[in-house]
Amino acid sequence: MEIYQKLHKMRTTMGLSQAEIGRNVLSSSSISRIEKNKTVIFADDLEKILRINNISITSFLNEYSTVTSTIKQYEDNALYYFFNRDLVNLKKVYENKEINSRLLSILTTAMIKDLQGERIEKNSKIKKLLFNFQNWNDNFLWCLLIALRLYQEENFSSIIKMVILNLENAEMTNSTKKLFADILIAFLLNKGCQRNKALQDKALKVLLELKPSEDIFLQKIVGRYLLAKQEKNSQEVEKIKMQISLGNLTREFNQLMNE
């Protein structure tokens, strides 16, 4: 992988715009030309960009294995502590100085506020930052999932429509499929998105039609539950509740239902 490709991969992995990654060093137009291999980046400029983004030259030259794994660990830990309402450890995750992503910082701050019982205000930057992602990887899906859970008054329908279009028939890893299923559920429960009934129906259909696997076993049950609620099928609702109770899945079910 060439330097210009590495720079692009690093930027999209971190969820940064071209202006953000080159701040005080190179303009967004210069970064754009470098990423398109239309010009070279001088060694001292590259070193400065890596330094202000807290990336070691070793990590950069090693295909970002360290950067990617660090971000994934950050996201996994943050999500776990958030779902389990563990404010102390979530704050410790937030203090991780190895991560330098504006979007991750905004979302983790909002997660902390939510656990502290504070009102989460609308943030116009969220959708813009999500749209800036050029690589629809698990990092992007994680950010979208948290945004859907926290910003209940925002309408993410346009982003969800694109996600469904790109993923509903795609081959996915188990981790990606789980994130996709969680996103569909969060979208179905998001108050700001419920005005788009056609897309809500589509999201529920896609969730129900996802190929069953151990990773999304509970998500499929939630899909059946939401369908039964939509159809006002009280008998099926009670049957699913019993299945959840007998399987000792009540806590996990409530987490997915944001209850």
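Rule-based calculations on the coordinates, nothing more; no lab input. Treat the numbers as computed from the prediction; the structure is a model and nothing was measured. Every residue, glycine as well, gets a Cβ built from its backbone with ideal geometry; the counts of neighbours run over all protein chains shown.
So for the chain, averaging the separation of alpha carbon pairs under 8 Å that are six or more residues apart and normalising by length, what relative contact order in percent results? The partial results should precede the final answer.
Details: 239 pairs, mean separation 35.9, N = 259.
For the chain, the relative contact order is 14 percent.
Beyond 26 Å between alpha-carbons counts as too far, so tell me which of LYS9/LYS113; LYS128/LYS191; LYS72/LYS229 fall in that bin.
Working: LYS9/LYS113 31 Å; LYS128/LYS191 20 Å; LYS72/LYS229 34 Å.
From the list (LYS9/LYS113; LYS128/LYS191; LYS72/LYS229), the Cα-Cα distance tops 26 Å for LYS9/LYS113; LYS72/LYS229.
Nearest 20 debye, what's the magnitude of the dipole of the stretch 156-259 about its Cα centre given +1 on Lys and Arg Cβ and -1 on Asp and Glu Cβ? Mind showing how you got there, number by number?
Working: 16 positive and 12 negative charges, 68 e Å.
So the magnitude is around 320 debye.
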Going from the fewest other Cβ atoms within 10 Å to the most, one would list SER213, SER101, SER32 as SER213, SER32, SER101
The distance between the Cα centres of the stretch 80-132 and the stretch 192-253, in whole Å, is 27 Å
When averaged across all projection directions, what area in nm² does the alpha-carbon convex hull of the chain cover? 15.0 nm²
Select from the stretch 169-252 those trypsin sites (Lys or Arg not before Pro) which occupy a DSSP coil region and have at most 10 other Cβ atoms within 10 Å, ordered by residue number. ARG195, LYS232
Calculate one ³J(HN,Hα) per residue across the stretch 154-169 by plugging θ = phi - 60° into the Karplus curve 6.51 cos²θ - 1.76 cosθ + 1.60, and present them in order as whole Hz with x for glycine and proline. 7, 9, 9, 4, 5, 6, 4, 4, 5, 4, 4, 4, 7, 10, 4, 10
Please list, in order along the stretch 104-115, the HN-Hα scalar couplings obtained from phi with the Karplus expression 6.51 cos²θ - 1.76 cosθ + 1.60 (θ = phi - 60°), rounded to whole Hz, x for Gly and Pro. 4, 5, 4, 5, 5, 4, 5, 4, 5, 4, 4, 5
Once ARG23 and THR250 are pulled to full extension, the length gained, defined as 0.36 nm per residue separation minus their Cα-Cα distance, is 77.0 nm
Please work out the FRET efficiency for the pair GLU2 and ALA43, using the Cβ-Cβ distance as r and a Förster radius of 22 Å; give the result to the nearest 0.05. 0.90
Residue among ALA78, LEU150, MET172 farthest towards the positive dipole end of the chain, charges placed on Cβ: LEU150
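Please work out how much length the chain gains when fully extended from ASN89 to LYS36, using 0.36 nm per residue of separation minus the C-alpha to C-alpha distance, in nm with one decimal. Walk me through the numbers on the way to the answer.
Values: separation 53, 0.36 × 53 = 19.08 nm, distance 4.08 nm.
So the chain would gain 15.0 nm between ASN89 and LYS36.
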Cα-based reach from LYS6 at 17 Å (exclusive), listing lysines while leaving out same-chain residues under 8 positions away: LYS36, LYS38, LYS48
Could you tell me the calculated FRET efficiency between GLU153 and ASN77, based on Cβ-Cβ distance and R0 = 22 angstrom, to the nearest 0.05? 0.20
The extension gain from LEU208 to ARG195, computed as 0.36 nm times the residue separation minus the Cα-Cα distance, is 2.6 nm
State whether the stretch 156-259 is rounded, prolate or oblate according to the following rule on the C-alpha gyration tensor (a ≥ b ≥ c being the square roots of its eigenvalues): a/c under 1.5 gives rounded; otherwise a/b larger than b/c gives prolate, and the remaining case gives oblate. oblate
Pop out the ³J(HN,Hα) list for the stretch 46-56 in order, Karplus 6.51 cos²θ - 1.76 cosθ + 1.60 with θ = phi - 60°, rounded to Hz; leave Gly and Pro as x. 4, 4, 5, 4, 5, 5, 6, 9, 6, 10, 6
Based on a Kirkwood Rh over C-alpha pairs, give the Stokes-Einstein translational diffusion coefficient of the stretch 3-65 at 4 °C and viscosity 1.567 mPa s in µm²/s. 113 µm²/s
